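Remarks on the structure that follows.
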Amino acid sequence: MDTILILDFGGQSCHLISRRLRDFGVYAEVLPSDYSAAQVMARPEVKGIILSGGARSVYEKNAPEFDPAIFALKMPIFGICYGHQLLAKELGGTVTPGEVGEYGPQVLTVLKKSGIFSKLGVKQKIWMNHKDIVTKVPKGFTVIGKTSHKTQVAAYSSKDNMRSGVQFHPEVSHTEHGDDMLKNFALTICKAKPTYSSANLLKDTIKEARDTMGAERAVIGLSGGVDSSVAAALVARAIGEQLTAVYVDTGLMREGETTYLRKAFGDKGLKLIIVDAAEEFFGALKGVTDPEEKRKIIGTLFVRIFEREAKKADAQWLIQGTIYSDRIESGLTKHSSNIKSHHNVGGLPKDLGLKLYEPLRDLYKDEVRTLAKTLKLPKEITDRQVFPGPGLAIRIIGEVTRERAEIVRKAGHIIESELMGTKHWKDIWMSFGVFLPVQSVGISGDERSYKHPLVLRIVESRDAMSANFAKLPYEILENISTRLTNEIKEINRVVYDITNKPPATMEWE
Ligand code: XMP
C-alpha cells in the first residue's frame, strides 16, 4: 500500500498528521526522527516523507537526532513547524531564534498557488505555535507564503515542489484548509494512492489481537465509553470466549452508568463482571488534592482490581481501550511531554502481573467511532459523549468526597439532558460540571447564601487534541444555570468556561 512516513520530532500534534492522511485514505506511519535513509530506501511503498513539529530548537545540543541522508532522497519531503526549520537549515537556509513566539490563529497570504497551496485561496486561516523562525530560504527556493510577521518565511518550496515547508500546523483543525494542503502533498506531489480504509483497519487489528494473545485468556476494563466498548467488541471477535469484561463501579461514574452498562452489554454474549468498588476508591482518595496523584491512585487501584479479577478468570492479559491522544498527553511517545497522566496509561504499576494489550493505541477518537460503526455497535454506544477513565474525580478540584461526586454527577446529568434535545448536541464533544472548593455569596429566597460555584464546561472537538468552547445561545446557558442552582442545593453560582484547548485542557485536572 502506498505509504507516507512521518518522522516524529516531538510535536504534540505529530500523530495527528498521520490521522489526517489516513482520513483521506492514504496510509501513513509515524516513526522516530532518526529513522534512516537506508531504511526508507528498503521500502518501495514509501512515496514521501513529512517532518513533524517539535518542542526543541534546531540548534539545540539535545535536539532530536536524524539521518542527514534523508534530505538527499529522491522523494518529496514536507516540513511542518520544527520540520520546516530543520529542512531549511539542512538545505542551506537560515533559522533564527525568535524573540517572541507566535501562538494561535494567524492569517497566511499565499504568494504562489501551486504545490501544497494548489487550488487554495490567497488568504488562509492558519494556526501557529513556534518561537524560532526561518529567515532565509535555501538557494533556488521560493517563499510561497507570509504572515504579518516581518522577517519570517511562513512557507517555502523548491521549484519542482519536491521540498517544501510551512511554519504553521496544517494538521490541526484550526488551520481551515490544512486537509487540502496535506492532500496536495500526499495525493498530488507524492502521487500516493488512497487505498486505506476502516474495514482494512478492522481486519488487521482483529488479526493482530489473535496473533498477540493466541489461546491465552484476557480481561478487559469496560467503562461503558466508546473506546473500551470498541476494544471489547474487537477483541471478542478475535478471541471470543477467552475474554472476560470487567466493569468497575468506582462511585465516580456518570448517573445511571451501571444500569446502562448492564443493559448495553449484559445480554450480548460477552462475559461481564460488575465490581462494586466505590468504598475502596473514596478510601484511597481521602485527603488527596494533587491532580496527578489522584490520577495515579485511581489508575493503580483499577489495575489491582483487574489483577484480582484476572486471577479469578485465569487470564494472562489485560486489555485497555487506550487511544493515541491518551498516550501522547501522558508523555509516552518518544519526544512528547507529560500534560497529564491519562489513567489507563500513566497509572500502570511497574509490577503489573499481566501482559498489556492496547488494540486502539494508534487511533484517534473519531477513528474509533468509525471502527464502532464498522463493527456495527449500537448507536447508543457509538454516539455517547466521552467520559474520562478517572471519572468524576478529575472534575472535583481539591479532595474527592462522596458528596462532591454527587454534585458533579447530578450536574453532568442536568447539563447533558438540557443539551441533548438541541441541534447543538451533535457538535458537542463533552459537556459537564466542575466543582470548585471555594464559596461565594448569593441570595436564596430572601436569605444570604454562601455556597460553591459550578464551572460549566462545554467543548467542541474533532480529535481531543484541540478544542473550542461551544458558542451556545444564552437561553440554553440560562436554562442550564437555572436548573443547576435550583436542583443542586450546594450550588449558588454557575460560570461558563470560555477557554479553548490549548491553552486549557478540556478537563480541569
Ligand atoms: P483533556 O482534558 O486532556 O481531555 O483535554 C481530552 C479528552 O480525554 C479525556 N480524558 C481521559 N480519558 N483517561 C481517559 O480515558 C484519562 O485519564 C483521561 N483524562 C482526560 C477527556 O475527558 C477528554 O475527552
Test each condition in (1) touching a Gly at 6+ places or on another chain (Cβ under 9 Å); (2) in a loop (DSSP other than H, G, I, E, B); (3) not aliphatic (A, V, I, L, M) for residue 489 and report the one that comes out false.
(1)
Quick one: is residue 230 outside the structural domain of residue 322 (by TED's automatic domain parsing) and touching a helix residue (DSSP H, G or I) at 6+ places or on another chain (Cβ under 8 Å)?
no
Positions within segment 459-488 being within 23 Å of the chain's Cα centre (by Cα), buried (at least 19 other Cβ atoms within 10 Å of the Cβ) and more than 12 Å from the ligand (Cβ to nearest atom), in sequence order:
470
Which of the residues spanning segment 40-52 are surrounded by 19 or more Cβ atoms within 10 Å (Cβ to Cβ) and farther than 22 Å from residue 183 by Cα?
none
Which members of segment 373-412 meet the condition of being outside any helix (DSSP H, G or I), touching a residue at least 60 places away in the same chain (Cβ under 8 Å), away from the ligand (no atom under 13 Å from the Cβ) and surrounded by 20 or more Cβ atoms within 10 Å (Cβ to Cβ)?
377, 400
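Okay, residues lined up against (1) assigned to a loop (DSSP other than H, G, I, E, B); (2) open to solvent by 10 Å² or more (accessible area, probe 1.4 Å):
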residue	(1), (2)
1	yes, yes
29	no, yes
38	no, yes
54	yes, yes
61	yes, yes
86	no, no
95	no, no
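Each row is one residue, and each column tells you yes or no for (1) under 18 Å from residue 168 (Cβ atoms); (2) under 30 Å from the mean Cα position of the chain (by Cα); (3) crowded, with 21+ Cβ neighbours inside 10 Å.
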residue: 57; (1), (2), (3): yes, yes, no
residue: 65; (1), (2), (3): no, yes, no
residue: 74; (1), (2), (3): no, no, no
residue: 82; (1), (2), (3): yes, yes, yes
residue: 101; (1), (2), (3): yes, yes, no
residue: 107; (1), (2), (3): yes, yes, no
residue: 113; (1), (2), (3): yes, no, no
residue: 116; (1), (2), (3): yes, yes, yes
residue: 128; (1), (2), (3): yes, yes, yes
Those residues of segment 170-205 which are open to solvent by less than 30 Å² (accessible area, probe 1.4 Å) and farther than 23 Å from residue 46 by Cβ, in sequence order
172, 175, 202
Do the conditions hold for residue 458, that is, is it assigned to a helix (DSSP H, G or I), out of contact with any Cys (no Cβ under 8 Å at 6 or more places or on another chain) and either modelled with pLDDT of 95 or more or among the acidic types (Asp, Glu) (or both)?
no
For segment 8-27, give me each residue that is over 15 Å from residue 51 (Cβ atoms) and open to solvent by 10 Å² or more (accessible area, probe 1.4 Å).
12, 22, 23, 24, 27
Which numbered condition residue 265 fails, given (1) touching a residue at least 40 places away in the same chain (Cβ under 8 Å); (2) within 16 Å of the ligand (Cβ to nearest atom); (3) over 27 Å from residue 404 (Cβ atoms)
(2)
Taking segment 426-440 and keeping residues modelled with pLDDT of 95 or more and either away from the ligand (no atom under 13 Å from the Cβ) or assigned to a strand (DSSP E or B) (or both) leaves 430, 431, 432, 433, 434, 435, 436, 437, 438, 439, 440
Name the residues in segment 353-372 that are over 15 Å from residue 324 (Cβ atoms), open to solvent by less than 40 Å² (accessible area, probe 1.4 Å) and not small (Gly, Ala, Ser), would you?
354, 357
When you look at residue 248, is it among the hydrophobic types (A, V, I, L, M, F, W, C), open to solvent by less than 50 Å² (accessible area, probe 1.4 Å) and within 16 Å of the ligand (Cβ to nearest atom), yes or no?
yes
Might you check whether a residue that is away from the ligand (no atom under 13 Å from the Cβ), open to solvent by less than 10 Å² (accessible area, probe 1.4 Å) and touching a Ser or Thr at 6+ places or on another chain (Cβ under 7 Å) occurs anywhere in segment 230-238?
yes
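The values are calculated or read from the model by the stated rules, or taken from the named source; none is laboratory data. Values in this document were obtained by computation on a predicted structure and should not be read as measured data. Methodologically, a virtual Cβ is constructed for each residue, glycine included, from the backbone with ideal geometry; neighbour enumeration extends over all protein chains shown. These area figures cover heavy atoms from the full protein model, side chains too; ligands, DNA and RNA do not enter into them. Shrake-Rupley method; radii C 1.70, N 1.55, O 1.52, S 1.80 Å.
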